[in-house]
Amino acid sequence: MTETPDPERLIDESYAATVEPERYDALMQAWDEFLTELNAAGSARFEDTVMPQHFARSQMILEQADRLRAAERTPEQLAEMTPGIGIVIDRAGTVLAANRNAIAVTACRARAALGESTLSAHAVRRLLTWTCERDAPPFLFVPCDIGNADAPECLLATQVESAATGPRSQYLLSAVSLRIDEAAAAAFGSAFSLSDAEAAVAASLGQGLQVAEIAERRGVSMHTVRTQVRQITQKTGANGIAGLIKMVCGFAANYAYSQAARSRVAPHLKPVAARRETSLRLSDGRSLAYVEHGDPDGRAVLFFHNMLYGCYLTDKCAAACVERGWRVIAISRPGFGLSDPVKAEGRELVAQVTRDARALLDHLDIGRVIAAGHAAGSLYAQHFALAEAARTRALMLISHAPYWDDRMMKALPPRQRLVARTTRHAPAALTFVVRAGTALIKAGKHDQFIEALHRDIPADMAALAMPDAYAAIVDGLRHTAAQGGGGFVKDCPLVLTDWSADGASLTVPVRIVLGDGDLVATAAYKEGYCRAVPHTQVTMVEGAGQYLLYSHWGAFLAALESLDEQAAA
């Protein structure tokens, strides 16, 4: 009989991680030791040990916990669902969670003190005094300059009930802008195909005007305004006037703060929302979520996201795309973000993603594009370029190339290598290992998750110190974890597959963009790929690591410009 390793510690850590997500690192260490011993045993297989049943039970516990948590919103969920800036603090003023706009505009970060943000000291003192008052009202308005100089603003602080930590233990901070400007109204109208009159009526409702007041100001009958309101609610899908008002105010807040965040980089940009998120209902009934960055009329780039870091460019990069005339369209692949999953795996999954991308381009009435793949997304971008050759102007591969040789596994950083070894030698364990990781992310322990992956990569640790890059990276982690990591699990065997032989058939210009400090996608990737696709050009970015897209986005845009010129030649 083949001898198998002692599973006692691994069993303990697998169950411990279900109740304490921060034990994930201890779980991975125990799993690493167990897998190493298993491989050393020669013919021993993971399926022959007692661990599959324990991993399955642990996964069931995690899934049940997810269902229970769904009834109570976490601080991260509260912050993310808040229009404009959203910050959740505890009574002592420690930031529990902050959404993308809050990080960009106020520079606050989870587990830091609110006083370390750019909010005024007076506003912070007033907030903390209120949180400690015994009989304080359930909400508080605090005048505060948050970043939008064109409209008076204040912070709205609201008590948040939590079954886990008790009453008056958490507080949600959001921003209230006292005016909806013409640019925000026009953007809202454009987003929902409203007429100019309908957009103006919607803005008036958002400013608190009644139907009679709107009719008087516009010089029309109340019947006309009511008809316009019905048309607006039909086009937007809002649930009555109250729902429409909430939608308008939320949109205006998001718009205002995206402009405020952008203005720190490029204050003279034309008033176009730099990031627009929506979804498409596909012919098979699935929902396909996607994000557009940059100029709606710009040169089109079809962006295929990485396994971990999602669809989002940094706010600075998105603003630069507006300025430089780029329209970067990033689809959430099945099982990621808000896109419905599919049963397909392997090459059929890759083909399905291409079909989804084609349907989206048809929907947007876009002809030819530059296909861009970020890290693991490069294999999807290559497949699109091959299957849709007439529609592809060029192919860009960022921080990766779709090439693999098992000898490269040894060069991977420890955590990435462990996931690769699991995929190759114990694929039945992969679902639980990934599921435990997404539990850590959902618990708000983003920094712990990131550090385990990148602490030995100096270029990436430097990138994490950039608020704009950090916000996009955290958004990407949430994007991967949203549905429990099923999309990530399906990607794992794909990235350990050599796709370069397919790439030999490419006829369009191909450009690889790599950081010279990237210890994940090392030189072996570009060298192996270039042997199979010799017309590939390579751009090496000094000082960049795996986070090149976030820390050195200027190099990404410069490479796009060069590739665009090459495709046009």
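Determine whether the range 515-527 contains at least one residue that is buried (at least 23 other Cβ atoms within 10 Å of the Cβ), under 24 Å from residue 415 (Cβ atoms) and in contact with a strand residue (DSSP E or B) (Cβ under 7 Å, 6 or more places away or on another chain).
Checked the range 515-527: at least one residue is buried (at least 23 other Cβ atoms within 10 Å of the Cβ), under 24 Å from residue 415 (Cβ atoms) and in contact with a strand residue (DSSP E or B) (Cβ under 7 Å, 6 or more places away or on another chain).
Can you find even one residue in the range 238-249 that is in a loop (DSSP other than H, G, I, E, B), at positive phi and not hydroxyl-bearing (Ser, Thr, Tyr)?
no
What number of residues within the range 286-342 satisfy the criterion of being over 16 Å from the mean Cα position of the chain (by Cα) and of a type in the set (Asp, Glu)?
Residues flagged as over 16 Å from the mean Cα position of the chain (by Cα) and of a type in the set (Asp, Glu) within the range 286-342 amount to 3.
Checking the conditions here, which among 414, 402 is under 21 Å from residue 545 (Cα atoms), open to solvent by 40 Å² or more (accessible area, probe 1.4 Å) and touching a helix residue (DSSP H, G or I) at 6+ places or on another chain (Cβ under 9 Å)?
Every option except 414 fails the conditions.
Tell me, please, whether a residue that is over 30 Å from residue 11 (Cβ atoms) and in contact (Cβ under 8 Å) with a residue 60 or more places away in the chain can be found in the range 408-425.
Checked the range 408-425: at least one residue is over 30 Å from residue 11 (Cβ atoms) and in contact (Cβ under 8 Å) with a residue 60 or more places away in the chain.
For residue 127, work out the one condition from (1) closer than 30 Å to residue 317 by Cβ; (2) open to solvent by less than 40 Å² (accessible area, probe 1.4 Å); (3) aliphatic (A, V, I, L, M); (4) at pLDDT 85 or above it doesn't fulfil.
That leaves (1) as the condition not met.
Check 447, 460, 502 and return the single one that is open to solvent by 30 Å² or more (accessible area, probe 1.4 Å), acidic (Asp, Glu) and within 19 Å of the chain's Cα centre (by Cα). Step through it out loud before you land on a result.
On the way: 460 fails: open to solvent by 30 Å² or more (accessible area, probe 1.4 Å); 502 fails: within 19 Å of the chain's Cα centre (by Cα).
None of the others qualify; the one that does is 447.
If you check residue 332 against the conditions, is it of a type in the set (Gly, Ala, Ser), in contact (Cβ under 8 Å) with a residue 12 or more places away in the chain and in contact with a Lys or Arg (Cβ under 9 Å, 6 or more places away or on another chain)?
no
What is the number of the single condition among (1) at pLDDT 95 or above; (2) more than 21 Å from residue 374 (Cβ to Cβ) that residue 303 does not meet?
Against the list (1) at pLDDT 95 or above; (2) more than 21 Å from residue 374 (Cβ to Cβ), residue 303 comes up short only on (2).
Please work out which residue is surrounded by the most Cβ atoms within 10 Å (Cβ to Cβ), limiting yourself to the range 335-355 and to residues that are of a type outside the set (A, V, I, L, M, F, W, C) and within 14 Å of residue 291 (Cα to Cα).
337
Look at residue 356 and say whether it is touching a residue at least 40 places away in the same chain (Cβ under 8 Å) and either assigned to a loop (DSSP other than H, G, I, E, B) or closer than 19 Å to residue 558 by Cβ (or both).
Considered against the rule, which asks whether it is touching a residue at least 40 places away in the same chain (Cβ under 8 Å) and either assigned to a loop (DSSP other than H, G, I, E, B) or closer than 19 Å to residue 558 by Cβ (or both), residue 356 comes out as no.
Taking the condition of being surrounded by 24 or more Cβ atoms within 10 Å (Cβ to Cβ) and within 25 Å of the chain's Cα centre (by Cα), how many residues in the range 542-563 meet it? Steps first, please.
First, the residues of the range 542-563 that are surrounded by 24 or more Cβ atoms within 10 Å (Cβ to Cβ): 544-551, 556, 563.
Retained after the next criterion (residues that are within 25 Å of the chain's Cα centre (by Cα)): 544-551, 556.
Of the residues in the range 542-563, 9 are surrounded by 24 or more Cβ atoms within 10 Å (Cβ to Cβ) and within 25 Å of the chain's Cα centre (by Cα).
Step by step: first the residues of the range 388-401, then only those that are assigned to a loop (DSSP other than H, G, I, E, B) and within 22 Å of the chain's Cα centre (by Cα), then the one that is nearest to residue 500 (Cα to Cα). Which residue is that?
So the residue we want is 401.
So the check is Cβ under 6 Å with 6+ separation or different chains; which pairs have a first residue in the range 369-394 that's of a type in the set (D, E, K, R) and a second one that's surrounded by 24 or more Cβ atoms within 10 Å (Cβ to Cβ) and modelled with pLDDT of 95 or more?
393/370
Does the range 280-289 contain at least one residue that is within 29 Å of residue 339 (Cβ to Cβ), of a type in the set (Asp, Glu) and modelled with pLDDT under 90?
Taking every residue of the range 280-289 in turn, none turns out to be within 29 Å of residue 339 (Cβ to Cβ), of a type in the set (Asp, Glu) and modelled with pLDDT under 90.
So which residues in the range 310-332 are surrounded by 18 or more Cβ atoms within 10 Å (Cβ to Cβ), touching a strand residue (DSSP E or B) at 6+ places or on another chain (Cβ under 7 Å) and part of a loop (DSSP other than H, G, I, E, B), if there are any at all?
Across the range 310-332, the qualifying residues are 311, 312, 313, 332.
Taking the range 368-392 on its own, how many of its residues are touching a helix residue (DSSP H, G or I) at 6+ places or on another chain (Cβ under 7 Å) and either at pLDDT below 95 or open to solvent by less than 10 Å² (accessible area, probe 1.4 Å) (or both)?
12
Given the conditions (1) in contact with a helix residue (DSSP H, G or I) (Cβ under 7 Å, 6 or more places away or on another chain); (2) surrounded by fewer than 18 Cβ atoms within 10 Å (Cβ to Cβ), and given that residue 465 satisfies all but one, which numbered condition is not satisfied?
(1)
For the range 231-248, indicate whether the set of residues that are closer than 30 Å to residue 317 by Cα, at pLDDT below 85, surrounded by fewer than 21 Cβ atoms within 10 Å (Cβ to Cβ) and of a type in the set (Ser, Thr, Tyr) is non-empty.
Kept after step one, since they are closer than 30 Å to residue 317 by Cα, are these residues of the range 231-248: 236, 246-248.
Filter once more, keeping what is at pLDDT below 85: 246-248.
Now restrict to residues that are surrounded by fewer than 21 Cβ atoms within 10 Å (Cβ to Cβ): 246.
Imposing the further condition that a residue be of a type in the set (Ser, Thr, Tyr) reduces the set to none.
Looking for residues that are closer than 30 Å to residue 317 by Cα, at pLDDT below 85, surrounded by fewer than 21 Cβ atoms within 10 Å (Cβ to Cβ) and of a type in the set (Ser, Thr, Tyr), one finds none in the range 231-248, hence no.
The values are calculated or read from the model by the stated rules, or taken from the named source; none is laboratory data. Given the structure is predicted, the values throughout are model-derived calculations rather than measurements. Glycine also receives a Cβ, built like all others from the backbone with ideal geometry; neighbour counts cover every protein chain displayed. Just the protein is used for accessible areas: all its heavy atoms, side chains included, with ligands, DNA and RNA removed. Shrake-Rupley method; radii C 1.70, N 1.55, O 1.52, S 1.80 Å.
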